[in-house]
Amino acid sequence: MTLDPILIPIFKGDIVAATIQLHVQIETRAGNESAITKQMTRLKDAYIRDLHAYVPRLLRKNKDLDIGALKRRMQVIGERTIGKGLIDGVLIQSAMNRKLR
């Protein structure tokens, strides 16, 4: 199941310095799709809240996004939010870093 794009603003002081755009797909078994769909709002909210703090820390350590670390983080957040066993994997289809300044 494909999520709407997730946008994460990166601030430098009071100014938005960049925006990270992620296209994410949740991998699951056919029987779990309805359970995930029912909790999709909570799941997206949890991803946005967590990634808003996590991505800037990740970019301080590395110049580029570590897609593997991002996938693992989203898997953990998904399991914490909607329960273990529903999400088999997180696939990041694309990650774009748009620097504004």
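Just to be sure I understand the curve: with the Debye formula and one point per C-alpha of segment 6-99, what is log10 I(q)/I(0) at q = 0.25 Å⁻¹?
-1.36
Which links in 12/44; 12/71; 12/63 stretch past 23 Å when you go from one Cα to the other?
On the way: 12/44 25 Å; 12/71 25 Å; 12/63 15 Å.
Those over the limit are 12/44; 12/71.
So how far apart, in nm, are the two label points at residue 48 and residue 62 if each is 7 Å from Cα heading toward Cβ?
Using points 7 Å along Cα→Cβ, the separation is 2.6 nm.
Sort the following peptides by mean Cβ neighbour count (other Cβ atoms within 10 Å, averaged over residues), highest first: 4-14, 18-28.
On the way: 4-14: 12.5, 18-28: 17.0.
Sorting 4-14, 18-28 by mean packing, highest first, produces 18-28, 4-14.
Here, each number is a calculation from the coordinates, and none is a lab measurement. Values in this document were obtained by computation on a predicted structure and should not be read as measured data. Neighbour counts run over all protein chains shown; Cβ positions are idealised from the backbone, glycine included.
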